1. Under the condition of being touching a residue at least 60 places away in the same chain (Cβ under 8 Å) and in contact with a strand residue (DSSP E or B) (Cβ under 7 Å, 6 or more places away or on another chain), which residue from the range 1-24 is surrounded by the fewest Cβ atoms within 10 Å (Cβ to Cβ)?
2. (1) farther than 20 Å from I137 by Cβ; (2) out of contact with any strand residue (DSSP E or B) (no Cβ under 8 Å at 6 or more places or on another chain); (3) of a type outside the set (D, E); (4) more than 14 Å from ligand 1 (Cβ to nearest atom): which one isn't true of T32, the others all being true?
3. Of the residues P92, P115, which is away from ligand 2 (no atom under 16 Å from the Cβ), over 17 Å from L49 (Cα atoms) and in contact with a Phe, Trp or Tyr (Cβ under 8 Å, 6 or more places away or on another chain)?
4. Return yes or no: is D107 surrounded by fewer than 22 Cβ atoms within 10 Å (Cβ to Cβ), within 28 Å of R138 (Cα to Cα), among the acidic types (D, E) and in contact with a strand residue (DSSP E or B) (Cβ under 8 Å, 6 or more places away or on another chain)?
5. I'm trying to understand the selection: among the residues of the range 25-74, which are buried (at least 17 other Cβ atoms within 10 Å of the Cβ), of a type in the set (A, V, I, L, M) and without any contact (Cβ under 8 Å) to a residue 40 or more places away in the chain?
6. Looking at the range 75-85, which of its residues are in contact (Cβ under 8 Å) with a residue 12 or more places away in the chain and more than 16 Å from ligand 2 (Cβ to nearest atom)?
7. With modelled with pLDDT under 95 and either more than 20 Å from V34 (Cα to Cα) or under 14 Å from the mean Cα position of the chain (by Cα) (or both) as the only criterion, which of I101, I137, I128 stands out?
8. If you check I128 against the conditions, is it assigned to a helix (DSSP H, G or I) and either outside the structural domain of I40 (by TED's automatic domain parsing) or farther than 28 Å from Q5 by Cβ (or both)?
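The values are calculated or read from the model by the stated rules, or taken from the named source; none is laboratory data. Predicted model only: the values in this text are computed from it and were never measured. Cβ atoms come from the backbone with ideal geometry, glycine included; neighbour counts cover every protein chain shown.
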Amino acid sequence: MITLQVNGTSRQVDVDPETPLLWVLRDNLGITSVKYTCGIAECGICTVLINGAAVRSCSISVAEAGAQKITTVEGLPDDHPVKRAWIEKQVPQCGYCQPGIMLQTVDFLSRQPDPTDEQINDAMDDVICRCGSHPRIRKAIRRAAEIAIKHGG
Ligand code: FES
Ligand code: FES
């Protein structure tokens with residue numbers, strides 16, 4: 001049995017320790033906001049936060065994740081600057097990629113609270129939205145930074 005800390009709750013799973021965290025979150029815990037796409041750490045769509053850092057959940061085992069603090073998009077408060085900015089800028093098209101990109105943004109803004117456009121472009125260079133929502137993603141990141149600065153994070 002492996003114990004995980006997901007969105008502030010302790011969860012136990014009886015799985016092979018080498019199982020990718022992605023599948024445990026989706027199949028064992030029913031957190032289907034965590035999406036499978038490439039499966040080889042290339043697209044960023046399966047991203048979750050582990051201790052606040054963006055991690056591609058397809059490429060870390062559940063044993064490696066262990067007892068660290070895992071956050072999925074459900075674990076962000078409704079008034080989180082990234083959620084507010086995503087709604088304000090109406091970012092999603094199909095929505096498939098958005099949870100992972102939002103969590104990547106949370107990590108990015110924790111390291112770059114007032115990013116330049118170039119830093120935003122660099123940070124989003126390795127996440128893939130097949131619907132082409134990147135222009136709105138960039139606007140939402142800029143807006144989330146403004147909201148966080150105005151309201152103290
Ligand atoms: S599914 Fe994990 S990076 Fe693409
Ligand atoms: S909104 Fe459809 S894949 Fe990004």
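1. T3
2. (4)
3. Answer to the selection: P115.
4. Taking the combined requirement at face value, the residue satisfies it.
5. The answer is L29, I50, V55.
6. Matches in the range 75-85: G75, L76, H80, P81, R84.
7. Of I101, I137, I128, the one residue that is modelled with pLDDT under 95 and either more than 20 Å from V34 (Cα to Cα) or under 14 Å from the mean Cα position of the chain (by Cα) (or both) is I128.
8. no
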